[in-house]
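*Asks:* Would you mind keeping the following structure in view while I ask a few things?
The values are calculated or read from the model by the stated rules, or taken from the named source; none is laboratory data. Quantities reported herein were computed from a predicted structural model and do not represent experimental measurements. In this analysis, Cβ positions are derived from the backbone assuming ideal geometry, glycine residues included, and neighbour counts consider all displayed protein chains.
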Amino acid sequence: MHSDRTDFRISFEDRSVSALKSRLCRQASTLLALGLASGVACAAPIIRQAGGANPAAIQATVDQFRADLGGSNNGVGGSFASGRREINWDGVPDASAAPNFLAPDFFNVNSARGAVFNSLRESTGLNQMRVSANAASGTPVRFGDIDASYTATFQTFTAQRLFQVRNAANLNVVFFVPGTRRPATVSGFGVVFTDVDSSSNAIVRCFAQDGSQLVAASAPVASGGLSFVGISFNTAAERCFRVQIRVGNAVLASGAVDSGATDVIAMDDFIYGEPQPVFQ
Ligand SMILES: [Ca+2]
Ligand SMILES: [Ca+2]
């Protein structure tokens, strides 16, 4: 009986053991789904989702995601074998907040937490990031400087600052050993959104080092409220090399008022596993 091994072939182009493990795991998962294999231990991603009117409505789910990642908040700088990093934007100085731009590598250079952002541009503009203002600065809070309606549209999970990419509704997050240029992966990533009117507009996608998408998950609808989605893996074979975030179906702009067809969304806290170096 002829056995077609095409589907079982493993490319030896993979240059790292982790990428090879990741591919093996996904192939095994496919075989399991087809009923062609058994006894292969490849854990599914753990996905946490919550939405509600205020921070309390998502707090327990956010804390569960922190527990999924394990360990403690490693803060700024250094490199650790376990734990997580968090960015709540609130400590960003006025000089790097609205109406000024945030440097895309601020959280690997100015405040080293191993995360660098890249805009997936959909309209005019450069690779620009924006953190919203503090009330004391005199600039309207929660992106009210871009359109006055946003101050009422958005709320914070952690006061007072929010985050958004400018002139785009998608961004990438890539990881480094904090404070270095050594590429890294994380065991999971979670984000708080505000004013999600459609789950199709608030999505986190996790990609492996070989470029394949490991998993995607959306945040629940909470119009005028807060939503959270967090993805983590409990196996070292599955790690995020890149995270892509879908945040709204329209860019924040003067006159782009949230409505039925226009779903503007902003982000608050990022929570992710300690970046671990990629060996290649
Ligand atoms: Ca905040
Ligand atoms: Ca919205």
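*Asks:* Restricting to the stretch 69-121, count the residues that are touching a residue at least 40 places away in the same chain (Cβ under 8 Å), part of a helix (DSSP H, G or I) and more than 22 Å from P45 (Cβ to Cβ).
*Replies:* Of the residues in the stretch 69-121, 3 are touching a residue at least 40 places away in the same chain (Cβ under 8 Å), part of a helix (DSSP H, G or I) and more than 22 Å from P45 (Cβ to Cβ).
*Asks:* Only residues that are surrounded by fewer than 18 Cβ atoms within 10 Å (Cβ to Cβ), touching a residue at least 12 places away in the same chain (Cβ under 8 Å), within 13 Å of ligand 2 (Cβ to nearest atom) and not aliphatic (A, V, I, L, M): list them for the stretch 236-259, please.
*Replies:* N249
*Asks:* Another one. Considering the stretch 191-203 alone, what residues qualify as being more than 13 Å from the chain's Cα centre (by Cα) and either away from ligand 2 (no atom under 11 Å from the Cβ) or at positive phi (or both)? If you could, list the steps in order and put the result at the bottom.
*Replies:* In the first step, residues of the stretch 191-203 are kept if they are more than 13 Å from the chain's Cα centre (by Cα); the result is 194-201.
Result: D195, S199, S200.
*Asks:* Could you grab me the full set of residues in the stretch 81-106 that are of a type in the set (A, V, I, L, M, F, W, C), more than 13 Å from Y272 (Cα to Cα) and surrounded by 15 or more Cβ atoms within 10 Å (Cβ to Cβ)? Talk me through it step by step, then tell me what you get.
*Replies:* Step one: of the stretch 81-106, the residues of a type in the set (A, V, I, L, M, F, W, C) are 81, 87, 89, 92, 95, 97-98, 101-103, 106.
Those left that are additionally more than 13 Å from Y272 (Cα to Cα): 81, 89, 92, 95, 97-98, 101-103, 106.
W89, V92, A97, A98, F101, L102, A103, F106 - these are the residues of the stretch 81-106 that are of a type in the set (A, V, I, L, M, F, W, C), more than 13 Å from Y272 (Cα to Cα) and surrounded by 15 or more Cβ atoms within 10 Å (Cβ to Cβ).
*Asks:* Assuming A208 fulfils every condition listed in (1) of a type in the set (G, A, S); (2) within 16 Å of ligand 1 (Cβ to nearest atom); (3) in contact with a Ser or Thr (Cβ under 6 Å, 6 or more places away or on another chain) apart from one, which condition is it?
*Replies:* Here A208 meets the rest and fails (2).
*Asks:* Of the conditions (1) buried (at least 20 other Cβ atoms within 10 Å of the Cβ); (2) not in a loop (DSSP other than H, G, I, E, B), T156 fails just one. Which one is it?
*Replies:* Here T156 meets the rest and fails (2).
*Asks:* Next up: Report yes if some residue within the stretch 157-166 is charged (D, E, K, R), at pLDDT below 95 and more than 11 Å from A97 (Cα to Cα); otherwise report no.
*Replies:* The first filter runs over the stretch 157-166 and keeps only residues charged (D, E, K, R), leaving 161, 166.
With at pLDDT below 95 added as a condition, the list becomes 166.
Okay, now just the ones that are also more than 11 Å from A97 (Cα to Cα), so 166.
Yes.
*Asks:* State whether one or more residues within the stretch 138-161 are under 23 Å from F80 (Cβ atoms) and either of a type in the set (A, V, I, L, M) or away from ligand 2 (no atom under 16 Å from the Cβ) (or both).
*Replies:* From the stretch 138-161, those under 23 Å from F80 (Cβ atoms) are 158; that's our starting set.
Subsequent filtering for residues that are either of a type in the set (A, V, I, L, M) or away from ligand 2 (no atom under 16 Å from the Cβ) (or both) retains 158.
Yes, the conditions are met somewhere in the stretch 138-161.
Yes/no per residue for (1) among the acidic types (D, E); (2) within 16 Å of ligand 2 (Cβ to nearest atom); (3) touching a residue at least 60 places away in the same chain (Cβ under 8 Å); (4) in contact with a strand residue (DSSP E or B) (Cβ under 6 Å, 6 or more places away or on another chain):
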| position | (1), (2), (3), (4) |
| --- | --- |
| F189 | no, no, yes, yes |
| R205 | no, no, no, yes |
| V215 | no, no, yes, yes |
| V229 | no, yes, yes, yes |
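*Asks:* So for the stretch 222-235 (the condition being within 16 Å of ligand 1 (Cβ to nearest atom) and surrounded by fewer than 18 Cβ atoms within 10 Å (Cβ to Cβ)), does at least one residue qualify?
*Replies:* Within the stretch 222-235, not a single residue is within 16 Å of ligand 1 (Cβ to nearest atom) and surrounded by fewer than 18 Cβ atoms within 10 Å (Cβ to Cβ).
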